[in-house]
Ligand code: ASP
């Protein structure tokens, strides 16, 4: 077995157009993705676990207000934050997932706590909170999670909704962060964290914490972290479908992921994309939307980051 390691991260997919970007904004997104890759790489290059690497990478993205998770999470229709997160490791299929949480600084650490300390795998926010308090994870008040851009996006969406003019394009409203990794020992892991979709109904849960939809890891096939229109990713069991195609049909990761993103999801209004890694450390980052903040690094130490769909690895 090869001992190569690799890591890929995403900062959300959607309507990301060059015409709406500035050089400063592009630079900030590249820097945010790069910082997440560096956080995960620091774990992997020392021979650390894939699951630690994906949690570190996702924490970096949750701390960056540019991305829709943690600090930069979008608002629900009633102006609150409800965050979803999940982590999974592919050797024993251990999982931790949480939905609708508000307050903990890093929702992905809440997932990790559930994975490490509970006999259960998926908690609603209220039930997870006791565990979070007992463990002493850092909390933040509502101001910390307030960003002007997200608040303005909510007002704009609510106004369009009230006028019956809400865009049918859900790609405007989404974003998420996630990471997948293969470590030196061939272990795979995936982590995903999100504020969900702007102006979502209170109580709505997306695909990110649903194992097999937005997050999945299995050493025998692949690890996947998705971003996109969560309802469709759930209906098509997007992440697990990729693993199934590999396992049952013998497809490569590239072929399986392409099929799910470009056919199953795209043909059913499931805009978005994903990052995935297989047991050999091969990475794919397919999307059917205009862009996806994304990047990868392998043991060569070359960090590559991208924004638009037409950009290809050098
Ligand atoms: N998949 C997330 C959700 O539906 C949003 C996104 O990834 O853009 O909650």
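Any read-out appearing in this document is the output of simple, stated calculations on the displayed coordinates, not a laboratory observation. Since this is a predicted model, take the numbers as computed values, not measurements. So basically every Cβ, Gly included, is an ideal-geometry build from the backbone, and we count neighbours across all protein chains shown.
Antiparallel DSSP bridges in the chain: what percent, to the nearest 5? Walk me through the numbers on the way to the answer.
Values: 48 of 53 bridges.
Bridges in the chain that DSSP calls antiparallel: roughly 90 percent.
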Practice item. For the chain, with a Gaussian network of springs between Cα atoms less than 10 Å apart, report the residue from 268, 94, 68 with the top mean-square fluctuation. Key: 268
**Study point:** Base-10 log of normalised Debye intensity for the stretch 28-142 (one unit scatterer per alpha-carbon) at q = 0.19 Å⁻¹
**Key:** -1.02
Point to revise | Residue order, fewest to most beta carbons within 10 Å, for 137, 44 | key: 137, 44
Review point. Among 48, 100, 291, whose mean-square fluctuation peaks in a Gaussian network model of the chain (Cα, cutoff 10 Å)?
Key: 48
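Once you have the Cα-Cα distance between residue 303 and residue 263, take 0.36 nm times their residue separation minus that, and quote the gain in nm to one decimal. Don't skip to the end; give the middle numbers.
Values: separation 40, 0.36 × 40 = 14.40 nm, distance 2.97 nm.
Going from the current span to full extension adds 11.4 nm.
Take every DSSP beta bridge with both residues inside the stretch 12-151 and express the antiparallel ones as a percent of the total, to the nearest 5. Walk me through the numbers on the way to the answer.
On the way: 6 of 9 bridges.
Rounded to the nearest five, the antiparallel share is 65 percent.
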Check your understanding: Which order, highest average first, do 119-126, 195-202 follow once you tally other Cβ atoms within 10 Å for each residue and take the mean per peptide?
Key -> 195-202, 119-126
Exercise for review: Enter the Cα centre distance for the pair the stretch 83-123 and the stretch 1-63, rounded to the nearest angstrom.
Suggested key: 19
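Rounded to the nearest 500, what is the 222 nm mean residue ellipticity of the chain from helices alone, with -39500 (n - 2.57) per DSSP H run of 4+ residues and division by all residues? Walk me through the numbers on the way to the answer.
Values: 8 runs with 97 residues, N = 314.
Estimated from H runs of four or more residues: -9500 deg cm²/dmol.
Using only the alpha carbons of the stretch 21-71, what is the convex hull's orientation-averaged projected area in square nanometres?
Spelled out: convex hull of the Cα atoms, projected over all directions, averaged, 3.5 nm².
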Review point. Say we join alpha carbon atoms closer than 10 Å with springs in a Gaussian network model of the chain; which of 131, 246, 88 then has the biggest fluctuation?
Key: 131
Exercise for review: Please report 236, 29, 146, 293 as a ranked list, fewest other C-beta atoms within 10 angstrom at the top and most at the bottom.
Suggested key: 146, 236, 29, 293
Study note, to complete from the structure: Using alpha-carbon positions, the gyration tensor of the chain gives root eigenvalues a ≥ b ≥ c; with a/c under 1.5 called rounded, otherwise prolate if a/b exceeds b/c, else oblate, the class is rounded
Exercise for review: Please give the peptides 299-306, 207-214 ranked by average Cβ packing (other Cβ atoms within 10 Å per residue), highest first, as a rough proxy for protection.
Suggested key: 207-214, 299-306
**Study point:** Relative exposure of 222, 59, 237, judged by other C-beta atoms within 10 Å (fewest first)
**Key:** 237, 59, 222
Study note, to complete from the structure: Computed over the chain, the relative contact order (Cα-Cα under 8 Å, seq sep at least six) in percent reads 26
Revision key, fill the gap. Relative contact order in percent for the stretch 2-68 (Cα pairs under 8 Å, 6+ apart) equals 38
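Using alpha-carbon pairs under 8 Å, 6+ residues apart, how would you state the relative contact order of the stretch 1-148 in percent?
On the way: 220 pairs, mean separation 24.5, N = 148.
Relative contact order here is 17 percent.
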